[in-house]
Amino acid sequence: MRSDRGQSAPLGLKIAAACGLLFLHLPILLIFVYAFTTEEKSFVWPPPGLTTQWFAVTWNRPDVWEALSLSIRVAAISTGIALVLGTLCAAAVSRTRFFGRETISLLVILPIALPGIITGIALRSAFALADIPFSFWTIVLGHATFCVVVVYNNAVARFRRTSGSMIEASMDLGADGFQTFRHVVLPNIATALLAGGMLAFALSFDEVIVTTFTAGQQQTVPIWMLEELIRPRQRPVTNVVAMVVVLVTLLPILLAYYLTRDGDQIAGSGK
């Protein structure tokens with residue numbers, strides 16, 4: 001049988017792929033260019049000049065640091081909550097059989113399937129009914145709703161590829177539940193959890209819609225950027241912050257990809 005690996009793609013397909021990549025990534029490249037422009041009131045192409053002064057301006061603005069600190073803290077705590085709840089849900093759904101299991105699985109992934117505005121309105125209504133004032137923790141709860149889904153999807157896929165006989169063998173050899181989890185289960189799901197946590201952190205860091213409904217007067221980085229865009233001066237500062245957002249969200253996604261691309265290799269499955 002002849003292999004297709006050595007065959008070159010048609011020229012038309014290559015052109016279409018290149019156009020698709022440009023369509024997706026050219027706007028991001030423009031953000032990087034406008035972070036160095038000397039024009040501070042509007043976006044002019046080509047830029048009239050290039051400068052690095054906006055990096056110093058951004059560094060010395062306290063509102064940028066406050067927004068960045070809030071986003072990092074929210075993303076970190078939301079990811080921690082998601083890792084615990086997502087892993088427990090994945091273990092229950094994948095390792096046991098009970099009535100309504102598929103319904104529970106659907107309900108777990110529903111928050112990320114629904115439009116963000118629906119989730120935001122639902123959370124805002126719930127907080128109002130419970131008379132919960134908007135605070136740091138309302139943002140965390142809002143972000144945790146979809147962060148759990150990311151961790152759950154990664155963990156449940158890995159659980160289903162992990163042989164149950166390994167856990168049974170561990171228990172037969174006298175290991176208790178904690179020892180079995182530490183020495184058998186955790187090594188098999190560790191990369192999936194790490195990848196899910198990184199993706200959850202990236203999603204939380206740049207979330208806008210749900211944050212709008214749960215933040216009150218607080219400003220995370222994306223909310224800060226939206227408000228800065230309507231100001232007539234120092235618009236390149238917004239692009240400098242956007243560069244930081246791109247890097248903060250891109251690196252975890254790349255690491256998650258490299259951690260899960262060999263996900264079929266299960267620890268302890270070799271002969």
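The values are calculated or read from the model by the stated rules, or taken from the named source; none is laboratory data. Not measured: the values here are computed from a predicted model. Glycine gets a Cβ as well: all are built from the backbone with ideal geometry, and neighbour counts include every protein chain shown. All accessible areas refer to the heavy atoms of the entire protein, side chains included, with ligands and DNA or RNA removed. Shrake-Rupley method; radii C 1.70, N 1.55, O 1.52, S 1.80 Å.
Considering only the range 236-256, state which residues are open to solvent by 10 Å² or more (accessible area, probe 1.4 Å) and polar (S, T, N, Q).
Hits for the range 236-256 are 239, 249.
Going by the conditions given, is residue 201 open to solvent by less than 40 Å² (accessible area, probe 1.4 Å), at negative phi, at pLDDT 80 or above and of a type in the set (Phe, Trp, Tyr)?
Judged against the criteria, residue 201 is not a match.
Going by what's in this entry, would residue 119 be described as closer than 17 Å to residue 210 by Cβ and either hydroxyl-bearing (Ser, Thr, Tyr) or not assigned by the TED database to the domain that holds residue 181 (or both)?
Numbers: closer than 17 Å to residue 210 by Cβ: yes; either hydroxyl-bearing (Ser, Thr, Tyr) or not assigned by the TED database to the domain that holds residue 181 (or both): yes.
For residue 119, the condition - closer than 17 Å to residue 210 by Cβ and either hydroxyl-bearing (Ser, Thr, Tyr) or not assigned by the TED database to the domain that holds residue 181 (or both) - is met.
Take the conditions under 30 Å from residue 148 (Cα atoms) and of a type in the set (Val, Ile, Thr) and apply them to residue 223. Does it pass?
Yes.
Could you list all residues from the range 121-142 that are in contact with a Ser or Thr (Cβ under 8 Å, 6 or more places away or on another chain) and within 12 Å of residue 216 (Cα to Cα)? Show your work before the answer.
Going through the range 121-142, the residues in contact with a Ser or Thr (Cβ under 8 Å, 6 or more places away or on another chain) turn out to be 123-124, 127, 132, 134, 138-142.
124, 127, 132, 134, 138, 139 - these are the residues of the range 121-142 that are in contact with a Ser or Thr (Cβ under 8 Å, 6 or more places away or on another chain) and within 12 Å of residue 216 (Cα to Cα).
Looking only at the range 43-60, filter to residues that are open to solvent by less than 50 Å² (accessible area, probe 1.4 Å) and assigned to a loop (DSSP other than H, G, I, E, B); which one of those is farthest from residue 214 (Cα to Cα)? First the steps, then the outcome.
Restricting attention to the range 43-60, the residues satisfying the condition of being open to solvent by less than 50 Å² (accessible area, probe 1.4 Å) are 47, 49, 51, 54, 57-58.
So of that shortlist, the ones also assigned to a loop (DSSP other than H, G, I, E, B) come out as 47, 49, 51.
Values: 47: 38, 49: 40, 51: 37 Å.
Among residues in the range 43-60 that are open to solvent by less than 50 Å² (accessible area, probe 1.4 Å) and assigned to a loop (DSSP other than H, G, I, E, B), the one farthest from residue 214 (Cα to Cα) is 49.
Exactly one condition in (1) over 16 Å from the mean Cα position of the chain (by Cα); (2) at pLDDT 90 or above is false for residue 99; which is it?
(2)
Restricting the search to the range 123-143, which residues are open to solvent by 10 Å² or more (accessible area, probe 1.4 Å) and in contact (Cβ under 8 Å) with a residue 12 or more places away in the chain? Break it down into steps so the answer makes sense when it comes.
Going through the range 123-143, the residues open to solvent by 10 Å² or more (accessible area, probe 1.4 Å) turn out to be 123-137, 141.
Listed by number, the residues that qualify are 123, 124, 127, 133, 134, 135, 136, 141.
Out of 75, 92, which single residue is in contact with a Lys or Arg (Cβ under 9 Å, 6 or more places away or on another chain), closer than 30 Å to residue 160 by Cβ, at pLDDT 80 or above and among the aliphatic types (A, V, I, L, M)?
Step by step, each of 75, 92 is checked, and only 92 is in contact with a Lys or Arg (Cβ under 9 Å, 6 or more places away or on another chain), closer than 30 Å to residue 160 by Cβ, at pLDDT 80 or above and among the aliphatic types (A, V, I, L, M).
Does residue 170 satisfy the criteria of being open to solvent by 20 Å² or more (accessible area, probe 1.4 Å), farther than 20 Å from residue 75 by Cβ, in the same structural domain as residue 245 (by the TED database) and modelled with pLDDT under 85?
So residue 170 fails the test.
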